[in-house]
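Take a look at the structure below.
Read the figures in this text as sums done on the coordinates, not as results from a lab. In this text the structure is predicted, and so the values were computed from the model without any measurement. With ideal geometry, Cβ positions are generated from the backbone for all residues, glycine too; neighbour counts draw on all protein chains shown.
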Amino acid sequence: MNLYKEVFTHYSQKDSETGITKYFIAVDDEEAYSMVYEYSPCYVDSAIDDGDADENSKAKAIKEVVEARGEINMEIELYDLYYGVTHKGWELVTENITDSDTSHLIRLGVINSNE
């Protein structure tokens, strides 16, 4: 198991903000992708027109995001910033954490126990 942090950059008309959303535990980058994008749209959704997309193009787009460790690290053209746009990603904090490390992180409130 590895400890990751979810990072974001929010762009708007006049400024931007970068930060950490949460820390979480995942086995690898594929699982980290699921943890970061499980409930929110991402580059894959906007890059593929659902009407014409086949499973291969979706899988390829997801692979690109996983390899980049999130859309935050991809070169994506920014447009229509009236309401702003947020890009997400993840960074590896440390590899091979033990069950004891996990217990300490939960007790300290760094990670949520149901993740």
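The figures follow:
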read-out: Kyte-Doolittle at least -1.0, axis length at least 18 Å by Cα - qualifying DSSP helices, the chain; value: 55-68
read-out: Spatially close lysines, pair count over the chain: Cα under 20 Å, gap of eight or more or interchain; value: 8
read-out: Gaussian network model of the chain, springs between alpha carbon atoms under 10 Å - residue of Asp45, Asp99, Asp28 with greatest fluctuation; value: Asp99
read-out: Sites Val110 and Tyr83 - FRET efficiency at Förster radius 30 Å, r taken between beta-carbons, to 0.05; value: 0.40
read-out: Neighbour-count order for Tyr82, Tyr23, fewest beta carbons within 10 angstrom listed first; value: Tyr82, Tyr23
read-out: Kirkwood-type radius of segment 13-94, with distances r between different C-alpha atoms, in Å; value: 14.0 Å
read-out: Electrostatic dipole magnitude of the chain [Cβ: Lys, Arg +1; Asp, Glu -1; Cα centre; debye, to 20]; value: 540 debye
read-out: Segment 75-114 versus segment 5-48: alpha-carbon centroid distance in Å; value: 8 Å
